[in-house]
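Engineer: I have a structure I would like to understand better, so I am pasting it below and will then ask my questions one at a time.
The values are calculated or read from the model by the stated rules, or taken from the named source; none is laboratory data. Bear in mind the structure is a predicted one, so any value in this text is a computation, not a measurement. Here Cβ is always computed from backbone atoms with ideal geometry, including for glycine, and neighbour counts include all displayed protein chains.
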Amino acid sequence: MKVYHMTKRSVIAMAFGAMTTMTSHAAFISGSIEFTGRATLDTTAGTATNIAFSNPGSVGVVNGDYSPIPILIPSVQFGASVFFTNFTYGAPGTLGALVVNPLWTLSSGGVTYSFRLDNLTINQYSGTQRLLEGDGMASITGYTDTPGHWALSTSGQDTTITFSSSTDVPDGGASVALLGMSLLGLIGGRRVLVKRT
């Protein structure tokens with residue numbers, strides 16, 4: 001009788017372990033990354049419809065799954081180089097589908113990071129700044145591609161500008177789902193043990 005209980009517990013433990021291993025293997029991306037650099041617009045910021053980047057740009061701030069990427073610390077440390085793809089985005093107010101693949105990409109420590117822009121959600125001009133935002137798909141080697149948000153703002157009145165850009169990838173609930181599955185497994189295991197005693 002005691003062997004039966006041990007075998008059933010072992011099967012439950014193995015099933016729980018397999019379930020959490022499969023879930024954690026398909027890790028979604030979570031975190032953010034910020035860039036700076038120079039670019040050229042086809043006209044001044046208020047009427048521009050095209051941006052050409054002066055690659056490479058620099059990584060400024062990282063967190064979450066982007067944390068392993070070295071950042072630029074002037075006069076101290078070179079950061080990872082990021083390469084942007086030139087693209088046309090239309091006059092202010094032009095929104096909708098706009099696929100740029102990849103919008104940006106970088107490699108660091110044998111890992112490739114990139115972002116594909118799929119949709120332009122903000123395209124406006126304010127003062128001397130052109131503001132662009134959009135949604136797309138973030139990719140990191142070894143992770144599941146994850147929906148994310150991208151933003152770019154320009155600075156300068158001529159066609160040669162500086163820019164800052166960021167990509168944010170929210171957690172998306174994967175951590176909460178994994179925690180919930182773990183708790184359900186513990187509750188189920190406890191119920192089996194209580195019934196047997």
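Engineer: Among the numbered criteria (1) closer than 18 Å to TRP150 by Cα; (2) in contact with a Phe, Trp or Tyr (Cβ under 7 Å, 6 or more places away or on another chain); (3) assigned to a loop (DSSP other than H, G, I, E, B), which one does GLY46 miss?
Structural biologist: Unmet condition: (1).
Engineer: Right, next: Of all residues in the stretch 86-100, which are surrounded by 14 or more Cβ atoms within 10 Å (Cβ to Cβ), part of a strand (DSSP E or B) and either among the aliphatic types (A, V, I, L, M) or within 17 Å of the chain's Cα centre (by Cα) (or both)?
Structural biologist: LEU98, VAL100
Engineer: So, one more: For the stretch 160-181, give me each residue that is more than 21 Å from ILE122 (Cβ to Cβ) and either surrounded by fewer than 16 Cβ atoms within 10 Å (Cβ to Cβ) or modelled with pLDDT of 60 or more (or both).
Structural biologist: THR160, ASP171, GLY172, GLY173, SER175, VAL176, ALA177, LEU178, LEU179, GLY180, MET181 - these are the residues of the stretch 160-181 that are more than 21 Å from ILE122 (Cβ to Cβ) and either surrounded by fewer than 16 Cβ atoms within 10 Å (Cβ to Cβ) or modelled with pLDDT of 60 or more (or both).
Engineer: Mind telling me which of the residues ILE73, ILE69, ILE122 ends up being modelled with pLDDT of 95 or more and aliphatic (A, V, I, L, M)?
Structural biologist: Selected residue: ILE122, the only one of ILE73, ILE69, ILE122 that is modelled with pLDDT of 95 or more and aliphatic (A, V, I, L, M).
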